[in-house]
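Novice: Got a structure here, written out as structure tokens. Questions coming.
The values are calculated or read from the model by the stated rules, or taken from the named source; none is laboratory data. Predicted, not measured: the structure shown is a model, and the values here were computed from it. Note: ideal-geometry Cβ built from the backbone for every residue, glycine included; neighbour counts use all protein chains shown. Side chains included, ligands, DNA and RNA excluded: accessible areas come from the protein's heavy atoms. Shrake-Rupley method; radii C 1.70, N 1.55, O 1.52, S 1.80 Å.
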Amino acid sequence: MSLSKNSIACPLDCYDTCEALYENGLIKGNKNHRVTNGKLCINFANLQNENFLKTAYYENKEITLEESLNILVEKLKNTKPENTLFYKGAGNLGIMQSITKIFFASYGSVLTKGSLCDEIGGYGLAKGRGKLVNPPIENLINSDVIIVWGRNFSVSSPHMYNLVKDKTFITIDPIKTDIAKKSSLHLQLNPKTDHELALLLTRFAYMEDMEDEEFIKNNSNNVEDFFDLAKEKPLLSYEKTTGISLTDITKFFELIKNKKVAILIGLGVQKYYEGAQIIRTIDSFAAYIGVHNKDYGGVWYLDESAAGYEKQIVSKPKKKIPLPEVDFSQFDLVFIQGANPVVSAPNTKRIVEGLKNSFVVYFGTTLNDTAKYANLIIPASNFLTKGDVRLSYGHNLKAVSNAVIEKEEGTISEYELASFLTKEFSFENLKAEEEILNYYKNTVPNKSHKMETFKFIEELEIENLYENKEENQYYFITAKRKRNLNSQFESDDKAYFNPSSGLKEKEMVKLFTDYGEAIFEVALSEDVKENCILTYAGNKKANYLTPFKKDEVADSATLQEVLVTIDIS
Ligand SMILES: Nc1nc2c(c(=O)[nH]1)N[C@H]1C(S)=C(S)[C@@H](COP(=O)(O)OP(=O)(O)OC[C@H]3O[C@@H](n4cnc5c(=O)[nH]c(N)nc54)[C@H](O)[C@@H]3O)O[C@H]1N2
Ligand SMILES: Nc1nc2c(c(=O)[nH]1)N[C@H]1C(S)=C(S)[C@@H](COP(=O)(O)OP(=O)(O)OC[C@H]3O[C@@H](n4cnc5c(=O)[nH]c(N)nc54)[C@H](O)[C@@H]3O)O[C@H]1N2
Ligand code: SF4
Ligand SMILES: [Mo]
């Protein structure tokens, strides 16, 4: 982290949390930020070239910022607070983005809980170990073998990958991803069978005498129950359900035996109704072979980036509703900040209908797909013009942002908007912006990745997708892509199939699920498993197919809990 006045944090929602330096109008990656290591990625370049919003709009007509703020105040004063919704996305992950929550919670708006992203997995991991803290980056560097499990490591965290690119990799993923191609072994499993694979690996670990007796003795008292769970099914049955041969499992153990092992778990394993149970089974396998609590290796996921800090931005909403289930039509006014639900939230048809039936205020930096449905658009000032701090969910370094250029006159920062509204409604003054930022800049968080107790998972109650899948149906995979950041920047709206599908390149197909349908252009790729369809994050059609149903415990999106059929009529 740099304390110089010209550092800029990349605001994008990304594991790497890079820091840049602004010098004479040029922006370069900070060489002293260990993860950034002097380089920035294509998405940072995309962000620099972004056509930032400079004007406010009301019913599609340009108005001044002041007019837009007056309309907002007027609307809020004439609407019942409980009929308003505050909806925040992940367009900018700086901590100051949450400041507006304080106002909307005091005003009485409904807020959201859960996420479209990682909460299911976070819940599952915390359940077994009480907290969610990644090991320090040094532990990754000190490992020999890295198991990349449901994460496209070299694409979704390119800088973390660069730090360890010479290690031995094993990838567990239905898609032959970039990191799978760089791996010594790729286990191309069927989607939503990771819990079974983890149990199978546990059986082999036992046979290989790889149980970490010391970790288990010191931290846990229920390993027998976990092992009983692993023994419930015959070994060979796992071969069929997971699609992984026992020969490949043998190779897996040849690669990890007597090695320092790191496991990087990504979103892929948990986009399902029982995703929390699935990830906990993986973590239990990891604990069984003793990956935890060492000075090397460990398990990484998207951690609670603010762990170890005292929360400086505290809001107390009266009511919260699960994010994936939000129905905008239930509200008289919705305030959408830093989000693009028309592309990123599940079940696009329902989202669009909802937006059409509410007064929509959009507060963002660009005219995105959601802004098209807004009655009132308030332009947020861009990342180069406002101070912020970014904590990372991928590693233990932070990045600091300074206002390095003057903001456009017609725009307003999140802090300025929150202060303005707070004054208009005569609510208690906000804490000073500098005070909040200085706290995060100067505080060394009090956190440790070491766990005091570990509770192995003892039972699984999972409805397997493979049990319900018809021969002509496909699993639905939706994953990140190099050249865009969720719905920001260019999009790839194609549906990727294996050539064995018999479809033709560029052919248009109608796909449907229990939740919706859309027409896609076909792209063929050997990288996609035969029984899967791949669409990338930011695909404008993908979420027509996804369920708005939350998972079983974490109020979060289950984007892959769905089977897809091709409409041949
Ligand atoms: N370039 C780029 N980087 C990004 C982002 C971006 O949009 N673009 N987005 C950022 C955000 S918001 C996040 S949350 C992170 C997420 O980054 P990742 O954790 O890498 O998540 P995904 O790319 O969604 O999915 C990872 C992998 O899971 C695989 N997968 C799907 N289903 C299954 C399954 O059932 N089992 C297993 N084992 N694997 C499965 C997919 O094929 C995919 O390769 O990336 C961040 N970084
Ligand atoms: N099909 C499918 N759907 C997905 C995913 C997937 O992989 N596949 N991934 C899911 C995941 S992991 C995530 S995290 C979500 C992300 O979904 P969202 O949180 O909705 O994020 P984005 O769609 O990227 O939209 C972010 C918007 O924020 C605005 N913005 C950027 N910077 C600022 C700023 O400084 N201030 C303000 N006020 N606005 C700003 C930009 O204009 C941008 O349009 O999508 C989820 N949806
Ligand atoms: S890798 Fe991620 S954090 Fe780093 S510059 Fe690119 S988008 Fe930003
Ligand atoms: Mo995400």
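Novice: Looking at segment 305-320, which of its residues are away from ligand 1 (no atom under 14 Å from the Cβ) and either open to solvent by less than 10 Å² (accessible area, probe 1.4 Å) or out of contact with any strand residue (DSSP E or B) (no Cβ under 6 Å at 6 or more places or on another chain) (or both)? Spell out the reasoning first.
Specialist: Looking only at segment 305-320, we keep the residues that are away from ligand 1 (no atom under 14 Å from the Cβ), and these are 306-320.
A306, A307, G308, Y309, E310, K311, Q312, I313, V314, S315, K316, K318 - these are the residues of segment 305-320 that are away from ligand 1 (no atom under 14 Å from the Cβ) and either open to solvent by less than 10 Å² (accessible area, probe 1.4 Å) or out of contact with any strand residue (DSSP E or B) (no Cβ under 6 Å at 6 or more places or on another chain) (or both).
Novice: Among the residues of segment 349-393, how many are basic (K, R) and within 16 Å of ligand 3 (Cβ to nearest atom)?
Specialist: The total comes to 1.
Novice: Just to confirm my filter: which strands (runs of 3 or more DSSP E) fall fully inside segment 488-569 and include at least 3 residues that are closer than 19 Å to V155 by Cβ? Outline the logic, then answer.
Specialist: Numbers: elements: 495-497, 508-512, 517-524, 532-536, 563-567.
Hits in segment 488-569: 532-536.
Novice: For segment 386-412, how many residues are small (G, A, S) and over 22 Å from L65 (Cα atoms)?
Specialist: 4
Novice: Next question. Please tell me if E59 is over 29 Å from the mean Cα position of the chain (by Cα), without any contact (Cβ under 8 Å) to a residue 60 or more places away in the chain and either more than 16 Å from ligand 3 (Cβ to nearest atom) or in the same structural domain as A276 (by TED's automatic domain parsing) (or both).
Specialist: Considered against the rule, which asks whether it is over 29 Å from the mean Cα position of the chain (by Cα), without any contact (Cβ under 8 Å) to a residue 60 or more places away in the chain and either more than 16 Å from ligand 3 (Cβ to nearest atom) or in the same structural domain as A276 (by TED's automatic domain parsing) (or both), E59 comes out as no.
Novice: Same structure again: Among the residues of segment 19-38, is any within 16 Å of ligand 1 (Cβ to nearest atom), in contact (Cβ under 8 Å) with a residue 60 or more places away in the chain, β-branched (V, I, T) and not assigned by TED's automatic domain parsing to the domain that holds F153?
Specialist: yes
Novice: Looking at (1) more than 25 Å from the chain's Cα centre (by Cα); (2) surrounded by 22 or more Cβ atoms within 10 Å (Cβ to Cβ), which one does F425 not meet, given that it meets all the others?
Specialist: (2)
Novice: Residues in segment 343-351: is at least one outside the structural domain of T513 (by TED's automatic domain parsing), hydroxyl-bearing (S, T, Y) and buried (at least 18 other Cβ atoms within 10 Å of the Cβ)?
Specialist: Yes, segment 343-351 has at least one match.
Novice: Ok, one more. List the number of the failed condition for K101; all other conditions in (1) surrounded by fewer than 19 Cβ atoms within 10 Å (Cβ to Cβ); (2) of a type in the set (K, R); (3) within 28 Å of K311 (Cβ to Cβ); (4) within 14 Å of ligand 2 (Cβ to nearest atom) hold.
Specialist: (1)
Novice: Please specify each residue of segment 232-246 satisfying the condition of being out of contact with any helix residue (DSSP H, G or I) (no Cβ under 7 Å at 6 or more places or on another chain) and under 12 Å from R203 (Cα atoms). Don't jump to the end; show me each part of the working.
Specialist: Step one: of segment 232-246, the residues out of contact with any helix residue (DSSP H, G or I) (no Cβ under 7 Å at 6 or more places or on another chain) are 232-234, 236-237, 240, 243.
Across segment 232-246, the qualifying residues are E232, K233, P234, L236.
Novice: Next question, about the same structure. Under 7 Å between Cβ atoms, at least 6 apart or on separate chains: pull out the pairs that start in segment 408-425 with a residue that is outside any helix (DSSP H, G or I) and end on any residue that is of a type in the set (S, T, Y) and modelled with pLDDT under 95.
Specialist: Cβ pairs passing all conditions: none.
Novice: Considering only segment 62-82, how many residues are of a type in the set (D, E, K, R) and within 32 Å of the chain's Cα centre (by Cα)?
Specialist: 1
Novice: Among the residues in segment 16-36, are any out of contact with any helix residue (DSSP H, G or I) (no Cβ under 7 Å at 6 or more places or on another chain) and under 30 Å from S358 (Cβ atoms)?
Specialist: No, there is no match, as no residue in segment 16-36 is out of contact with any helix residue (DSSP H, G or I) (no Cβ under 7 Å at 6 or more places or on another chain) and under 30 Å from S358 (Cβ atoms).
Novice: Follow-up question, since we're still on this one. Take the residues of segment 379-403 that are farther than 30 Å from N60 by Cα and out of contact with any Lys or Arg (no Cβ under 8 Å at 6 or more places or on another chain): which is surrounded by the fewest Cβ atoms within 10 Å (Cβ to Cβ)?
Specialist: Looking at the filtered set, the residue picked out is G387.
Novice: Across segment 169-182, which residue is farthest from ligand 3 (Cβ to nearest atom) among those that are part of a helix (DSSP H, G or I) and surrounded by fewer than 23 Cβ atoms within 10 Å (Cβ to Cβ)?
Specialist: The qualifying residue farthest from ligand 3 (Cβ to nearest atom) is K181.
Novice: Let me ask something additional. Quick check on my filter: what residues within segment 517-546 are within 22 Å of E471 (Cβ to Cβ) and out of contact with any Gly (no Cβ under 9 Å at 6 or more places or on another chain)?
Specialist: E517, F520, V522, L524, S525, E526, V528, E530, C532, I533, L534, T535
Novice: I would also like to ask the following. Could you say whether any residue in segment 83-91 is touching a residue at least 40 places away in the same chain (Cβ under 8 Å), within 26 Å of the chain's Cα centre (by Cα), within 16 Å of ligand 1 (Cβ to nearest atom) and outside the structural domain of F383 (by TED's automatic domain parsing)?
Specialist: So far as segment 83-91 goes, no, none of its residues is touching a residue at least 40 places away in the same chain (Cβ under 8 Å), within 26 Å of the chain's Cα centre (by Cα), within 16 Å of ligand 1 (Cβ to nearest atom) and outside the structural domain of F383 (by TED's automatic domain parsing).
Novice: A follow-up question, please. Which one of these is of a type in the set (F, W, Y), under 24 Å from Y58 (Cα atoms) and more than 16 Å from ligand 2 (Cβ to nearest atom): F335, F331?
Specialist: F331
Novice: Follow-up. Search segment 14-43 for residues being over 20 Å from K482 (Cβ atoms) and among the charged types (D, E, K, R), and hand back the single one that is farthest from ligand 4 (Cβ to nearest atom).
Specialist: In this case the residue turns out to be E23.
Novice: While we're on this one: Which is at negative phi and of a type in the set (G, A, S), of G290, G266?
Specialist: Exactly one of G290, G266 is at negative phi and of a type in the set (G, A, S), namely G266.
Novice: Please count how many residues of segment 352-373 are open to solvent by less than 10 Å² (accessible area, probe 1.4 Å) and not in a strand (DSSP E or B).
Specialist: Residues in segment 352-373 being open to solvent by less than 10 Å² (accessible area, probe 1.4 Å) and not in a strand (DSSP E or B): 4 in total.
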